[in-house]
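Visitor: Mind looking over this structure? Questions follow.
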Amino acid sequence: MTVALSGKKIARQIEKHFPGGIIESSPQSLVVDRESLLPVATYLKTAPGLDFDYLTAITAVDYYDYFEVNYRLTSLKRNHSLVVKTRCYGRDNPSLPSVVSLWRGADFQEREIYDLFGISFEGHPNLKRIVLWEGFQGHPLRKDYLQW
Amino acid sequence: MEIGELYSRRQLDEAEGEQIEALKARSQQPIPDPDDWLEEELRRNILMTSVDSLLNWARRSSLWPAICFPACCAFELIATAASRFDISRFGMEIIRASPRQGDLMITAGTLTWKMAPQVRRIYDQMPEPKWVIAMGACAISGGIFASSYSVVPGYNRIIPVDVYVPGCPPRPEALLYGIRMLQQKIARMSLITQGR
Amino acid sequence: MVIKTEPFVVNIGPVHPSTHGVFRMRATLDGEVIVDMEPVFGYLHRGIEKLAEERTYTGCIPLTDRLDYLASMSNNLAYCLAVEKLAGIPVPERAEYLRVIMAELQRIASHLIAVGTFLNDCGAFMTPVLYMIREREKILDLFEMVSGQRLTYNYMRVGGVSQDVPEEFIPALSKFVKVMPGWIDEYDWLLKENEILLARAKGVGILPKELAINIAASGPVLRASGVKWDIRRADPYSIYDRFEFAIPTGTVGDCYDRYRVRVEEMRQSVRILKQALVQLPSGEVRSEVPHLIRPPAGEAYGHIEAPRGELGFYLVSDNSIAPYRFHVRAPTLINLTALREMMVGWKVADAIIIFGSIDICVAEVDR
C-alpha cells in the first residue's frame, strides 16, 4: 500500500535544512515558496530515507489570486508518496524554476503547463507550445480565458 | 542539430502556426454540400447513357479509401475492414497510404484546427472524381467537443462532404450503410452533369 | 574514399499509416540513420480538461471515455475512483467485482490491438491484426451485452456501475475465459521464436532502467525495463488485493521485452477473470448517490493501472456541481519523454517499430 506521507512531518524535517522555505503544511501536502523549490526538490530526491525518484505528475490550478503548481512525488523503493505545492502570484508572466534537471519526466508536462496556463519555467531546455500551435492567442485553461 | 537545416525549429513551428491561423480565418462558414446536381438532373430528365452506367458501376465498386483517421472512429473503421464486417466485399479493402491513389476519404475522428491544413492538403492531392464520407458525430458537427477552443465544428468547414454517417462511434453496419448510400449517389452521376 | 553526406529533415506523420494516430516526428536523417528526432503532437488536442469544467461530475464520464478510446472502461474506473475519494462514496461488493471483470477484459482487448499493430509494423502485414481482432470482437460482444456500445462504453458510475449484467453475460464470459488461454498459446507458439520478429525487435530501442524511472514511465514500458512496479500490487485499489496474479517483467527493455510483457499480462488477466467469476456475489450494483453530486471542497487523486500505464485523475472541487479542475495524468504522454533517446542511431524502419512498441494512443497524449 503506498503510504501518503504526512506533509507536516516532512515539513518539520525540511525546516531543519531549509529554514523559512515552507509556507504552510497540512497532512495532505506541503507548500514551499518559489526560491526554495529547487533545493527542497533536490533534498527530497537524494535524502536517504526519502528517496523520491519518481515524479508521478505535475499539475497547475488557477485560483484567481494565484496559480498553484503541485508536484506529486513517489518513491518506488520505499513505496511512499508526497505532494509538494508552490504558488506563483501575478497574472502577467508568472514563472517558476524547472525541475527537468532532477526528473526528466517533467519535460512535456511543464511545456503543457506553459502552453495552457502561461507559467514559464526557468531552466527548461525547450519551452514552447506543445498541444496548441504557435500563434494561438491566449492560454486556454486560465479561468479568465474568453473564447469568443 | 543545425547542420544542413535551412530553417530553425522555431521558424518551422511559426510557419505552421501562420498556416493554421490563415485557414481558420478562411473557414468560418461551412462549404455547401455537393449535391445540387442531383436535383438538377431529375428536373432536366437527363437519361443515363450506357457509358455512364458502366463508368458509374466501375467507380462505385472499387472505391479506394485514403487514410484520414485521427480518433476513436478509426477503430470502428478498422473493425469494418477486418474479417467480421469485411469491407472488402464492396471492393474497398485497399486502404492506400498515398492519397494520389485514393478516391474516397472516410474522415474518422475529431478535426482540430492544428490538423486542418494537413487534411485539406491530403484532400487536394486526391485526383478527381473524389468523395468524402463524414463518419461520426465529431466529423459532422464537432460532436461532444463542439464548444472547445481547438476543434473544428465539422469537416464541412474544410472540405465538401457527400455522405454523413451519425453515431459516436457509428457501428460498422452503420458505416456500411453509409457506403451503400454513397454508391447509390455515384450510380446517379452522369458525364454531362459532372458533379462539382 | 568516404562519401560526403548531408543530414536532412524529414517529417514522419501526421498522416502516416504506421504512426498510431496523428503523431508527427521531425527526424533528421543522415542517409537512413536517424541522428536527431523531435516529436510534435497536439493534432488531436480537443480541450477535454476545459470542457470538463462545464459539465457535472457524472456528465464528465463520457468525456473520459474518449481519452484513451482503446481502454474506455479503465478510464471510467479511474475517474469514478477519484470522485468517490473526493466525496467519500462507498461502492457495493457486486459492483466492485463487476468493475474488476470489465477492467481486466478491457486490458485483454487493448493488449490484443497493441500486439497486433506492433506485429503489423514489424512487417507481418495484416495476418496478426486480423487474428487479434477476431478475439477482440468476442470481447466487444460481451461489452455490447452489458452497455450497448462497442467502443466508448460510459458504463461505470460514481458509486458503482450503471446497470447490472444481463443473464446471458455470465455463461458467455465463462465460455470466453475457457477458450482464451488456448488462443494466447496459439499466438505465442506462432510468434515467440519467429526469426523475423527476433531479428527486428530484439535489442532494438532499449530503454535503460534508470532512465525509465527518471522519466516516470509506467505500465508495460516500465516493467519491460526491469522495474517490478504495478499499481494493482503497490497501491491496490478496488478489490485487487483479493486476487492472485503475477507481474511479468522484462530484463533488457527492448521492443521484444515489451511485446512479451504484454502477452504475459493477457494471461494474467485471464487468471484474474477466472477468480472473479468464482467469487462474484449478488447484490445491488450502485450505491445511493444524489443526482447532482456535490462533493465537499478539496482535492483528490485517483489512479489505476490502465493497459498503457498509470492513469490518474486529479480533481479539485469547490463544492459546486462541476469540477473546478480536472487534470488527467496521461501515461502515454509521459512514456514518450524518452522517445528521442530510444530512436537516435536506428534506421527509419526501426523507428516505426520502437514507436509502435511504446503503444500510444494519441487521444490520450493530446487530450
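Visitor: Just to check I understand the Karplus step: with θ = phi - 60° and J = 6.51 cos²θ - 1.76 cosθ + 1.60, what whole-Hz values come out for the stretch C:336-342, glycine and proline as x?
Guide: Karplus values, whole Hz, x for Gly and Pro: 7, 4, 9, 4, 5, 5, 6.
Visitor: Taking Cα pairs under 8 Å and at least six residues apart, what relative contact order does chain C come out at, in percent?
Guide: 27 percent.
Visitor: Which FRET efficiency, nearest 0.05, do B:Ser147 and B:Glu21 yield, Cβ-Cβ r, R0 30 Å?
Guide: 0.90
Visitor: Moving to a separate point now. Based on DSSP H runs of at least 4 residues, each adding -39500 (n - 2.57), what is the mean residue ellipticity at 222 nm of chain B after dividing by all its residues, to the nearest 500 deg cm²/dmol?
Guide: Result for chain B: -12500 deg cm²/dmol, rounded to the nearest 500.
Visitor: Additional query: Arrange the peptides A:104-117, A:33-46, C:277-290, B:147-160 so that the one whose residues have, on average, the most other Cβ atoms within 10 Å appears first.
Guide: My ranking of the peptides, most packed first, is A:104-117, B:147-160, A:33-46, C:277-290.
Visitor: Follow-up. Taking each residue in A:136-145, count the Cβ atoms of any other chain within 10 Å of its Cβ, then average. What number comes out?
Guide: 3
Visitor: Under a point spin-label approximation (7 Å from Cα along Cα-to-Cβ), what is the B:Arg180-A:Glu35 distance to one decimal in nm?
Guide: Rounded to a tenth, the inter-label distance reads 7.5 nm.
Visitor: Compute the long axis of helix A:106-117 from its Cα atoms, compare it with the longest principal axis of the Cα atoms of chain A, and write down the angle in degrees, 0 to 90, nearest 10.
Guide: Compared with the principal axis, the helix lies near 40 degrees.
Visitor: Using label points projected 7 Å from each Cα along Cα→Cβ, tell me how many nm separate A:Met1 and B:Ala187, to one decimal.
Guide: 6.7
Visitor: Put +1 on the Cβ of every Lys and Arg and -1 on every Asp and Glu Cβ in the protein assembly as shown; which of C:Ile133, B:Ser27, C:Phe23 then has its Cα farthest towards the positive end of the dipole?
Guide: Checking the options against the dipole of the protein assembly as shown, the answer is C:Ile133.
Visitor: In addition: Determine the shielding of peptide B:72-84 by partner chains: average, over its residues, the number of Cβ atoms on other chains within 10 angstrom of each Cβ.
Guide: Other-chain Cβ atoms within 10 Å of each residue's Cβ, averaged: 5.
Visitor: Lys and Arg at +1, Asp and Glu at -1: add these up for the other residues within a Cβ distance under 12 Å of A:Thr74 and post the number.
Guide: +1
Visitor: Counting helices only, and only those DSSP H runs with n ≥ 4, report the 222 nm mean residue ellipticity of chain A as the sum of -39,500 (n - 2.57) divided by its residues, in deg cm²/dmol to the nearest 500.
Guide: -6500 deg cm²/dmol
Visitor: Now a separate question. By the scheme Lys and Arg +1, Asp and Glu -1, what is the net charge of all other residues having a beta-carbon under 12 Å from that of C:Glu341?
Guide: -1
Visitor: Please compute the average number of Cβ atoms from other chains found within 10 Å of each residue's Cβ in peptide A:50-63.
Guide: Taking all residues of A:50-63 together, the mean is 5.
Visitor: Still on this structure, I have one more. Quick one: net charge around C:Val362, please, counting Lys, Arg +1 and Asp, Glu -1 for every other residue with C-beta under 14 Å from its C-beta.
Guide: Here the charged neighbours net out to +2.
Visitor: Could I have the simple spin-label model distance between C:Leu292 and B:Leu55, label points 7 Å from Cα toward Cβ, reported in nm to one decimal?
Guide: So the two model labels end up 6.1 nm from each other.
Visitor: To the nearest 0.05, how large is the calculated FRET efficiency for A:Asp92 and C:Val35 if R₀ is 35 Å and r is the Cβ-Cβ distance?
Guide: The computed FRET efficiency comes out at 0.30.
Visitor: For chain C, what does the helix formula give at 222 nm: sum of -39500 (n - 2.57) over DSSP H segments with n ≥ 4, over the residue count, nearest 500 deg cm²/dmol?
Guide: One gets -14500 deg cm²/dmol as the mean residue ellipticity at 222 nm.
Visitor: State which helices in chain C qualify, where a helix is a whole DSSP H run, it must extend 20 Å or more along its own axis by its Cα atoms, and its mean Kyte-Doolittle hydropathy must be at least -1.0.
Guide: C:72-87, C:93-122, C:127-147, C:169-191, C:255-279
Visitor: In the stretch A:79-99, which residues have a backbone nitrogen under 14 Å from the label point lying 7 Å from C:Ala234's Cα in the Cα-to-Cβ direction?
Guide: Only A:79-82 fall inside the zone, counting backbone N under 14 Å.
Laboratory data are not the source of any read-out in this text; all were calculated from the coordinates shown. For clarity, every value in this text was computed on a predicted model and none was experimentally measured. Cβ coordinates were reconstructed from backbone atoms using ideal geometry, including for glycine residues, and neighbour counts include every protein chain displayed.
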